[in-house]
Structures are given as C-alpha cells and as structure tokens.
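Chemist: Pasting a structure here, questions to come.
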Amino acid sequence: MAKKALITGVTGQDGSYLAEFLLAKGYEVHGLIRRSSSFNTGRVDHLYRDPHEPETRFFLHYGDLTDSAGLRHVLGAVAPDEVYNLAAQSHVRVSFDQAVYTADVAALGTLRLLEAIRDVQIKSRFYQASSSEMYGQAAEVPQRETTPFHPRSPYACGKVFGYWQTVNYREAYGMFNCNGILFNHESPRRGETFVTRKITRAAGRIKAGLQQAVYLGNLDAKRDWGYAGDFVEAMWLMLQQDQPDDYVIATGETHSVREFLEETFRLLELNPEKHVQVDPRYFRPSEVDLLLGDPTKAREKLGWKPRVGFKELVKMMVEHDWQLAQEDRVLRDHRAQQK
C-alpha cells in the first residue's frame with residue numbers, strides 16, 4: 001500500500017515541488033488549501049489533471065491552520081504517514097504589516113497542527129518548515145543547528161515558536177518530529193513579491209519593453225540561495241531516518257541582492273543602473289544583513305547536497321520570466337490591435 005502524505009501550503013512554491021517529488025516516489029499525496037473566491041492552485045493544477053496518470057493519487061482538502069476542528073477532521077479522514085507543515089504567511093517584509101496574522105499561522109498554526117495529530121492519535125511523522133530568518137542578527141557565521149536564534153521580524157518570531165513546539169512535542173510525547181531550518185530557496189515558482197522573482201520578472205518585462213524600472217530595498221543584504229526543487233528532497237529525507245532530528249538545509253554560499261540583480265541583468269544584456277531604483281518603502285524596520293548556512297550535518301547524516309548552483313538558479317528563473325514577458329508582450333499587442 002502506498003504511503004500517504006499530507007502537505008499544508010501545498011499550493012505554494014515548496015508545496016508544489018514536494019507534491020511532485022512524493023508522487024514520483026509512489027506516495028498518495030493530500031494537500032490542505034484555504035477557501036478562496038478565486039483559483040489559487042496554479043502551481044499544482046498539472047498534478048491532478050495529468051491525463052497520463054491512470055489512477056488519481058493527488059487530493060486537495062479545504063482547511064486552515066487557524067481552524068483546529070478542521071485540521072482534526074482532515075487528519076482523521078486521511079490518516080497520513082507523513083505530515084509536512086509548509087503553510088505560512090511567509091513574506092518577511094509583509095509580516096511587519098500583518099504581524100498578528102503572521103504569528104497566528106506560523107506560531108499557533110503549528111501548535112494547532114501538532115495538537116491535532118496528538119488528538120487524532122495517528123502515528124504521523126511530522127516535518128516543520130523552520131527558517132534561516134530565525135537566526136536574524138546571527139551570533140556566528142555560518143549558522144549551524146546549534147547557533148542561537150535572534151529573530152528580527154514577526155515572521156521569524158513565529159517560526160521560532162513553531163520550532164520549539166516541534167521539539168517540545170517530540171520530547172514530551174515521543175512524536176517523530178523534525179525541523180528543517182531552510183535557508184533561502186528560489187525557483188520560477190517563487191511568488192512575484194519576493195525579491196529574487198521580483199528582479200527576474202521585472203528584468204524580463206524591461207527587456208520586452210513592458211516596463212521601465214524596478215524598485216528594490218536593501219541591495220547589500222546577503223543570503224544563502226538554493227533551488228527549491230533540491231530542498232524538498234531534504235524534507236523527505238528527514239522523515240526517512242531512524243530517529244527524528246533538526247537540520248540546516250543550505251548551499252554554504254552567500255550572495256548579495258546586488259549580485260543576484262547584476263547576474264539577472266547580465267543574462268538579459270541590460271544595464272541595472274538605467275532601470276533599478278532603491279525605494280525606502282522596501283526596507284525592513286529591523287534588517288537581517290547576512291545569512292549563511294552550514295549544511296554539514298545534512299550532508300553527513302542525510303546524504304543530501306544541493307545540485308543547482310547560484311548562477312544556474314538565476315539562469316533558470318530568468319529564462320522562465322523572459323518567456324512570460326514575451327507572452328505578455330504578444331497579449332498586449334493583440335489587445336492594442338483589437339481597439
């Protein structure tokens with residue numbers, strides 16, 4: 001019988017890649033989605049509409065991390081072998097504007113889900129999406145599993161709460177709970193308000209003549225950027241071990257926003273000085289200047305390592321968004337002709 005997995009946040013970047021990964025492993029995959037007045041399943045539509053799939057193994061359930069009763073209902077109905085908690089309001093800058101909601105989902109949402117698993121009395125292995133943002137004003141470089149947390153945003157504070165609840169339920173109730181402390185991971189599926197995708201999407205549109213400029217915040221912030229498709233494998237590997245543990249997942253390299261910007265514009269033969277403007281609105285009230293992860297433990301214990309490098313990641317995103325920009329230009333020209 002196929003293993004069953006439940007993914008919260010299945011319609012997001014990581015959720016869609018993880019669902020693909022698990023389906024390829026032969027899993028039956030269930031995803032939790034919030035009710036919306038518009039369709040928000042674009043990243044996973046191909047998974048349950050694949051005409052080549054002889055038997056459906058991908059299912060979506062309405063639910064929300066703010067609804068304890070709903071979580072218990074879905075867990076009881078699905079009885080998953082593995083639960084991956086990826087849901088969150090994950091935009092760090094927006095978390096300052098929506099602090100209470102962000103904390104409700106990232107912090108209390110994790111607690112509700114852990115308590116629901118315990119209440120329903122299923123033996124699910126649990127993965128918690130923890131974040132490098134928890135390190136914030138980091139005490140050491142690079143950051144390891146033992147580095148103290150110093151969160152610098154409502155999002156990061158919520159993630160620290162979720163991290164320790166995951167550890168607490170592991171120690172108090174013997175649950176198989178793992179934290180994956182993931183450093184920044186990007187892809188063509190990244191939301192367009194996140195800085196990497198904002199840059200590649202804008203650059204493609206500038207090249208296509210659809211816009212003139214892109215407005216950004218702190219260009220000197222440095223991050224450890226990897227590919228989301230690589231990182232979801234690490235999530236799965238954590239839950240296949242004999243004992244639960246917590247792991248840093250990172251590339252071990254750091255690059256600034258400016259470097260990402262320059263590589264993007266170089267690939268499209270654009271001059272960033274002509275099109276990029278720094279806007280104070282995009283600075284955080286408390287900045288995180290440098291994040292760099294040490295993935296040694298994941299490499300030695302999980303056998304995991306990233307496959308996609310920085311320049312390859314940027315190229316992948318640029319090519320995707322250049323294609324989108326060309327399609328947008330064709331649509332614009334078609335509409336102009338119709339007038």
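Chemist: How large is the dipole of the stretch 110-225 about the Cα centre if only Lys and Arg carry +1 and Asp and Glu carry -1, each at its Cβ, rounded to the nearest 20 debye?
Modeler: It works out to roughly 480 debye.
Chemist: Here is a further query. Could you pull out the longest piece of the chain with no exposed loop GluC sites (Glu not before Pro) in it, calling a site exposed if DSSP puts it outside H, G, I, E, B and it has at most 13 other Cβ atoms within 10 Å?
Modeler: It works out to 56-139.
Chemist: Please state, to two decimals, what the Cα-based radius of gyration of the chain comes to when divided by 2.2 N^0.38 Å (N = residues).
Modeler: Relative to the 2.2 N^0.38 Å estimate, the chain comes out at 1.01.
Chemist: Based on alpha-carbon atoms only, what is the radius of gyration of the stretch 272-339 relative to the globular estimate 2.2 N^0.38 Å?
Modeler: This ratio for the stretch 272-339 stands at 1.85.
Chemist: Related question: Taking the chain as a Gaussian network, where each spring joins two C-alpha atoms under 10 Å apart, which residue of S16, S286, S130 fluctuates the most?
Modeler: S286
Chemist: Now, a different point. Roughly what angle does helix 257-267 make with the longest principal axis of the chain, taking Cα atoms, 0 to 90 degrees, to the nearest 10?
Modeler: Approximately 60 degrees, to the nearest 10.
Chemist: Sticking with this one: Mean 1/r over all different Cα pairs, inverted: what Kirkwood radius does the stretch 89-130 give, in Å?
Modeler: 11.5 Å
Chemist: Another question about this same structure. What Kirkwood radius, in Å to one decimal, follows from the Cα pairs of the stretch 66-117?
Modeler: 11.8 Å
Chemist: OK, next. Put a dot 7 Å past each Cα toward the Cβ at E319 and S256; how far apart are the dots in nm?
Modeler: It is 2.9 nm.
Chemist: Provide the solvent-accessible area of W164, counting protein heavy atoms only and rolling a 1.4 Å probe, rounded to the nearest 10 Å².
Modeler: W164 has an accessible surface of roughly 130 Å² with all protein chains in place.
Chemist: With each label point set 7 Å from Cα along the Cα-Cβ vector, what nm distance links R118 and Q98?
Modeler: Placing both labels 7 Å beyond Cα along the Cβ direction yields 2.8 nm.
Chemist: May I pose another question? Per the helix-only calculation at 222 nm, which mean residue ellipticity applies to the chain, given -39500 (n - 2.57) for every DSSP H run of n ≥ 4 and division by its residues, nearest 500 deg cm²/dmol?
Modeler: Using -39500 (n - 2.57) per qualifying helix, the result is -12500 deg cm²/dmol.
Chemist: Separate question: Name the residues whose placed amide hydrogens come within less than 5 Å of the amide hydrogen of I249, ignoring near sequence neighbours (fewer than 5 apart) on the same chain.
Modeler: I181, L182, F183
Chemist: Further question: Accessible area of the chain with a 1.4 Å probe: how many percent of it is carbon plus sulfur?
Modeler: 49 percent
Chemist: Still on this model: Return the loop-located trypsin sites (Lys or Arg not before Pro) in the stretch 83-127 (DSSP other than H, G, I, E, B) with at most 13 other Cβ atoms within 10 Å of their own Cβ; answer none if there are none.
Modeler: Of the trypsin sites (Lys or Arg not before Pro), the ones in loops of the stretch 83-127 whose Cβ has at most 13 other Cβ atoms within 10 Å are K123.
Chemist: Set the bar at 28 Å for Cα to Cα. Now go through K207/K339; K274/K339; K4/K159; K159/K301; K123/K301; K3/K305 and name every pair that lies beyond it.
Modeler: Violating the 28 Å Cα-Cα cut-off are K274/K339.
Chemist: Inverting the mean 1/r over all pairs of different Cα atoms, compute the Kirkwood radius of the stretch 221-339 and quote it in Å.
Modeler: Result for the stretch 221-339, one decimal place: 17.4 Å.
Chemist: Same structure, new question: From largest to smallest, what semi-axes in whole angstrom does the stretch 89-224 give when each is the square root of 5 times an eigenvalue of its alpha carbon gyration tensor?
Modeler: Three semi-axes, in Å: 33, 17, 14.
Chemist: Still on this structure, please answer the following. Give me the number: length gained by fully extending A213 to Y173, i.e. 0.36 nm times residue separation minus the C-alpha to C-alpha distance, one decimal in nm.
Modeler: Length difference between fully extended and current span is 9.1 nm.
The values are calculated or read from the model by the stated rules, or taken from the named source; none is laboratory data. Predicted, not measured: the structure shown is a model, and the values here were computed from it. Don't worry about glycine lacking a Cβ; one is built from the backbone with ideal geometry, like all the others, and counts go over all protein chains shown. All accessible areas refer to the heavy atoms of the entire protein, side chains included, with ligands and DNA or RNA removed. Shrake-Rupley method; radii C 1.70, N 1.55, O 1.52, S 1.80 Å.
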